[in-house]
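**Q** Can you keep this structure in mind? I'll have questions shortly.
Each reported figure results from applying straightforward, stated rules to the coordinates on display, with no laboratory input. Owing to the predicted nature of the structure, the values given are computational and were not obtained by experimental measurement. All Cβ positions, glycine included, derive from the backbone under ideal geometry; neighbour counts span all protein chains shown.
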Amino acid sequence: MKAMTDSDTDRSHTAAPALIGALLHLAATDAGLAPTATSALSPKDSEILAEVEVALRNQTLNENGVKKALAEVAGSIASVRSSPSPVALTAAKYEKARTTVLRQLGVASTKGASVWPPTSQTAVQRFGSWNEALKAAGLATSSVGRARGQLRFDEAAYDKAIADFVADCDDRDLGATYKAYGEYAAEHKGEVPSAAAVRKFYGSWNAALASAG
């Protein structure tokens with residue numbers, strides 16, 4: 001497609017289990033789930049925590065900061081696993097929760113650096129799509145249905161398209177303009193709503209951008 005971006009660099013530096021840990025932690029954060037006992041975490045979840053620990057130590061957190069963050073992530077994973085119904089998470093809500101977590105960690109999301117939690121675009125690039133990332137984490141997936149032979153995107157799909165586009169623009173230092181989205185939609189034809197559909201759905205381009213926080 002295009003030249004390697006910082007998301008590509010981030011993708012190569014962030015292990016898949018650490019990405020899944022971010023998805024689970026931010027899903028619990030967004031859903032307001034209270035941390036639960038972590039004694040019954042599976043071996044797979046323990047592997048996730050180990051990779052999250054590696055990622056946290058790589059961004060210069062002190063020992064107390066790492067331990068505190070790991071305890072919170074472990075509690076989040078346990079709460080998602082024990083939830084009576086699948087937990088959902090859109091890319092837009094992921095990005096909002098990510099901003100909150102980065103602020104709590106005292107970590108700045110800087111261009112060219114591998115930061116945990118990574119961007120939603122990094123998860124998309126690693127797993128192939130937002131739905132595949134959600135599936136890998138055991139979270140509820142969003143749906144895209146068809147009507148009269150044309151694609152019909154639900155609200156989650158619109159939010160995801162805008163969040164992914166904004167993250168892509170940030171990674172490449174490009175302005176998130178309506179024209180730029182039109183080009184982005186052309187590159188991802190059939191996967192994201194058209195520029196005209198986005199403007200119609202949100203009422204204006206500025207309102208669409210606002211949805212991504």
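**Q** For the chain, what number of Lys pairs, 8 or more residues apart or on separate chains, have alpha-carbon atoms under 17 Å from each other?
**A** Taking the chain as the scope, the lysine pair count is 10.
**Q** If you don't mind, another one. Would you tally the net charge around Y94, using a Cβ to Cβ cut-off of less than 12 Å, leaving Y94 out, and scoring K and R as +1, D and E as -1? Before the final figure, lay out each step's value.
**A** Working: positive: K93, K96, R98, K160; negative: D30, E95, D159, D164.
In short, 0.
**Q** While we're looking at this one, here's another question. Around A195, under 11 Å between beta carbons, what's the net of Lys plus Arg minus Asp minus Glu among the other residues?
**A** Values: positive: K179, R199, K200; negative: E183.
After counting each charged neighbour, the total is +2.
**Q** If you don't mind, there's one more thing I want to ask. Once you wrap a convex hull around the alpha carbon atoms of segment 144-211, what is its projected area averaged over all directions, in nm²? Don't skip to the end; give the middle numbers.
**A** Details: hull surface 17.1 nm².
If you wrap the Cα atoms of segment 144-211 in a convex hull and average its projections, you get 4.3 nm².
**Q** Still on this structure, I have one more. Name the long-range amide H neighbours of A88: under 5 Å, sequence gap of 5 or more, or other chain; modelled H, no Pro or chain starts.
**A** A140
**Q** While we're here: Between A40, A22, A31, which gets the highest mean-square fluctuation from a Gaussian network model of the chain, Cα cutoff 10 Å?
**A** A40
**Q** Using the Karplus curve 6.51 cos²θ - 1.76 cosθ + 1.60 with θ = phi - 60°, what ³J(HN,Hα) values do you get for each residue of segment 27-34, in whole Hz, with x for Gly and Pro?
**A** 5, 5, 4, 5, 7, x, 6, 6
**Q** How big is the C-alpha Rg of the chain next to the rule-of-thumb value 2.2 N^0.38 Å, as a ratio? Show your work: numbers first, answer last.
**A** Values: Rg = 17.3 Å, N = 213, 2.2 N^0.38 = 16.9 Å.
The reported ratio for this selection is 1.02.
**Q** Same structure again: Express the relative contact order of the chain as a whole percentage, based on alpha carbon pairs under 8 Å and six or more residues apart in sequence.
**A** On the way: 265 pairs, mean separation 51.6, N = 213.
About 24 percent, as a whole number.
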